[in-house]
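Asks: Once you've had a glance at the structure underneath, I'll fire off some questions.
Taken together, the values in this text are just the output of simple stated rules run on the coordinates, not laboratory data. In this text, all values refer to a predicted model and were calculated from it rather than measured experimentally. Cβ placement follows ideal geometry from the backbone for every residue including glycine, while neighbour counts extend to all protein chains displayed.
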Ligand SMILES: Cc1cn([C@H]2C[C@H](O)[C@@H](COP(=O)(O)OP(=O)(O)O[C@H]3O[C@@H](C)C(=O)[C@@H](O)[C@H]3O)O2)c(=O)[nH]c1=O
């Protein structure tokens, strides 16, 4: 597994070793020992999620407030998506900065999104399946988010007029945002 730094502390992209043969391919999508060796601290994942989206669906930018904050290890198992994490840790030197990576079923890249980040993605193909591990359980009351197209975040989603949930349309702008993360 190769670790690619993003320029934002604790936010990393992972590239697994994929074994291809005449049958197809095999790779380890998570291995605690490899994490220990290559990353250090191993997240305690307690929930796995999967979503399917049509082309042009944007889910985000989401986070859960403490004490239900979640770190997430995300990947795409069918199709492709632009995945985005925004640093919302008040005391971080990269507060308000975002990082984007293209995750596809082919490149098999993963992004580790720590606690203290808002997360979202837009799908580039129909039937894009997004799969992720979380370090905390879903807690409806702790859900919060930021406006995906906030001008001060200035994220290049590479797609116009995405399909959004009503909840995602209602999220507030980054200006005057009181982050719950130190
Ligand atoms: C996230 C989540 C949702 N749900 C339910 C609530 C709702 O009825 C339905 C759909 O929920 P949402 O519209 O919030 O799903 P979605 O917009 O896909 O939310 C996800 O977006 C990405 C970007 C993330 O980072 C995730 O953490 C999560 O927030 O699924 C759960 O039961 N457990 C969960 O963990």
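Asks: At residue 1 and residue 48, where each label point lies 7 Å from the Cα along Cα→Cβ, what is the point-to-point distance in nanometres?
Replies: Between residue 1 and residue 48, the simple spin-label model gives 1.4 nm.
Asks: With the chain treated as a Gaussian network of Cα nodes joined by springs under 10 Å, which of 25, 138, 171 yields the largest mean-square fluctuation?
Replies: Of the options given, 25 has the highest mean-square fluctuation.
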